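Colleague: Take a look at the following structure, please.
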Amino acid sequence: MRRLSFSPIRAGAAILGVAAVTVACARILPVNAATAGFFFLLLTLAVATVWGLAEAVIAAVVAMLCYNFFFLPPLGRFTIADPQNWVALFTFLVTALVASHLSDRAKKQTLEAKRHQTETEQLYALSRAILLTDTTQPIGSQVAQHIARIIAADAVALFDSNSGLTFHGGVDELPNVEQALRQVVIQGAPRSDPPTSVAAWPIALGGRPIGALAAKGIHLSDGAVQALLNLVAIALERVRTEEATNKAEVARQSEEFKSTLLDAIAHDFKTPLTSIKAASTSLLADGDTLRAEHREMLAIIDEETDRMSLLVTEAVKMSQIDAGKVKLERTAVDVESLVKSAVSSFSSRGDERIQGTDSLKEMPKVLVDTEMASLALRQLIDNALKYSPPPSVIFLRADSEADRVVIRIIDQGTGIPERDREKIFEKFFRRASVRDKVPGSGLGLHIAREIARAHGGDLWVEEGSKTGARFCLALPRFVEAKA
């Protein structure tokens, strides 16, 4: 129930108004009882409309007494001779009270509607101001200033839990507000201090606390406050989005710079490598005139030149994949030839631990970019060789599954814990147990998976292997077009 607001001054003025109507009706403009009652009723309605129900009730009671004393016989006494006048007096009092109540309620509804309209206009102006904030300046500070200006708050403090910063707005200050806002975020409940007119509310987005807002001298309904908090939550989320976008753009530019730099370095490397390759090939062509030991050294130079050129090419390809600039040139390739091409680079180094390539003859063709798919296989084979003890063997196996071919690289190393089977494909991730024992950058498996997924396939560690690790590289099958 709404409490009645009462003012002694307004009540006194209402009583004086009743006295003035009484004098006018009884002495200046002598009228009958019905007309006097009508004037008293109009005065009561006016008091209810202008000042409120409490003053109107006082005016109605005083008017009833004056009506009885001056206009209902016997005049000059607070008694009524005719019983019908009791009905008239009671009817007057009830009519005055009911009409005053209705008038007061209509007045309050009008004021409430105006207040809602003002709040809606303020929230619209605030939302527009937030949308037009300057992204080159701190958004939190701009939002705090907009709230203070548009909602007419004496002071505003906005705490962003993500950055740990507090932004201020308004002409006044809120001392020691940061600690209070942190507590509001932790507790997730609003708090207020009526003597200082300061209130604080938690800000949540999707049920997750992301900050808090404190304001001094703010006069909004609960619904408007909640709408205000939602707008601020959107503004804070925009801050996070802007930061993430900026970081992503910086990362993209860094990757592009790295890719461009590697392209330039690769060009500088390949120029002398081409000359060395041409010279070694030319000398080997005249091998009959060379001594055996010289011919053997030239063969090593020739092979290592090829290997060096391949490493440079792979570095560039890996950088392009990381920067998202790679373009696939797919062709139909035999799985056996694809795998043997990848294995040959390890055989040339004298590593004969890879077995199982002869079991790939019956496999269907795959639709892949040969260089990229071979690069992914080399990364997986190299990873298996590095993490397996020297005497152990690396097995290769392939299976045709629906619309893809799955190539499995099986080693006999220490294996990969289940908790790390997804993490190992992240950039630069290396398990703590092998970080200092096995050289590597933590990019090989990430690159291999990116190549697989670029082809529409995938790369994963198969579950259930008791010893070692079993990497599964899925590549799309080549399907011949029907005539």
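The values are calculated or read from the model by the stated rules, or taken from the named source; none is laboratory data. These figures come from a predicted structure and were not determined experimentally. No Cβ is skipped: glycine too gets one built from the backbone with ideal geometry, and neighbour counts run over all protein chains shown. Heads up: the accessible areas ignore ligands, DNA and RNA and are worked out on the full protein's heavy atoms, side chains in. Shrake-Rupley method; radii C 1.70, N 1.55, O 1.52, S 1.80 Å.
Colleague: Between residue 29 and residue 16, what is the label-to-label distance in nm when each label sits 7 Å out along the Cα-to-Cβ direction?
Modeller: Here the modelled spin labels are 2.1 nm apart.
Colleague: Just to be sure I understand the curve: with the Debye formula and one point per C-alpha of segment 351-431, what is log10 I(q)/I(0) at q = 0.11, 0.25 Å⁻¹?
Modeller: -0.35, -1.33
Colleague: Here's another thing I want to ask about it. Of all accessible surface on segment 106-187 at a 1.4 Å probe, what whole percent is carbon and sulfur?
Modeller: 53
Colleague: Given contacts defined as C-alpha pairs under 8 Å and at least six residues apart, what's the relative contact order of segment 120-212, whole-number percent?
Modeller: The normalised contact order for segment 120-212 reaches 21 percent.
Colleague: What's the FRET efficiency of residue 295 with residue 386 using the Cβ-Cβ distance as r and R₀ = 45 Å, to the nearest 0.05?
Modeller: E between residue 295 and residue 386, to the nearest 0.05, is 0.90.
Colleague: With the crude spin-label approximation of a point 7 Å out along Cα→Cβ, what separation in nm comes out for residue 352 versus residue 340?
Modeller: 1.8
Colleague: Using a 1.4 Å probe, what is the accessible area per residue for segment 1-60, in Å²?
Modeller: 58
Colleague: Roughly how far apart, in whole Å, are the Cα centres of segment 358-422 and segment 15-75?
Modeller: 102
Colleague: Spelling out what I want: for every residue of segment 21-28, take phi, set θ = phi - 60°, compute 6.51 cos²θ - 1.76 cosθ + 1.60 (Karplus), and round to whole Hz; glycine and proline get x.
Modeller: My calculation for segment 21-28 gives 5, 4, 4, 5, 6, 8, 10, 6 Hz in order.
Colleague: Arrange the peptides 106-116, 467-477 so that the one whose residues have, on average, the most other Cβ atoms within 10 Å appears first.
Modeller: Ranking the peptides 106-116, 467-477 by packing returns 467-477, 106-116.
Colleague: Given H placed 1.01 Å from N in the peptide plane, which residues other than close sequence neighbours of residue 468 have an amide H under 5 Å from its amide H?
Modeller: Hits under the 5 Å cutoff: 413, 415.
Colleague: Shifting gears a bit: Give the calculated FRET efficiency between residue 403 and residue 308 to the nearest 0.05, with a Förster radius of 41 Å applied to their Cβ-Cβ distance.
Modeller: 0.60
Colleague: Can you run phi through the Karplus equation (6.51, -1.76, 1.60; θ = phi - 60°) for segment 141-150 and list ³J(HN,Hα) in whole Hz, with x for Gly and Pro?
Modeller: So the J values, rounded to whole Hz, are 5, 5, 5, 4, 5, 4, 4, 4, 6, 7.
Colleague: Return the inverse of the average 1/r over all pairs of distinct C-alpha atoms in segment 107-201, which is the Kirkwood hydrodynamic radius, in Å to one decimal.
Modeller: 14.8
Colleague: Would you grab the residues whose amide H sits under 5 Å from the one on residue 394? Only those 5+ places off in sequence or on another chain, please, with H modelled 1.01 Å from N.
Modeller: Here 354, 355 satisfy the definition.
Colleague: Give, in nm to one decimal, the length gained when the segment between residue 197 and residue 462 is fully stretched (0.36 nm per residue of separation minus the Cα-Cα distance).
Modeller: The residue 197-residue 462 span can extend by a further 89.1 nm.
Colleague: Also, quick follow-up: Set the bar at 27 Å for Cα to Cα. Now go through 114/216; 327/427; 277/427; 340/386; 361/423 and name every pair that lies beyond it.
Modeller: Distance filter (> 27 Å) returns 277/427; 361/423.
Colleague: What net charge is computed for the residues neighbouring residue 190, neighbours being all others with C-beta under 15 Å from the C-beta of residue 190, Lys and Arg scored +1, Asp and Glu -1?
Modeller: Here the count lands on +1.
Colleague: Describe numerically, in nm with one decimal, the distance between label points set 7 Å from Cα along Cα→Cβ at residue 186 and at residue 327.
Modeller: For residue 186 paired with residue 327, the spin-label model returns 5.7 nm.
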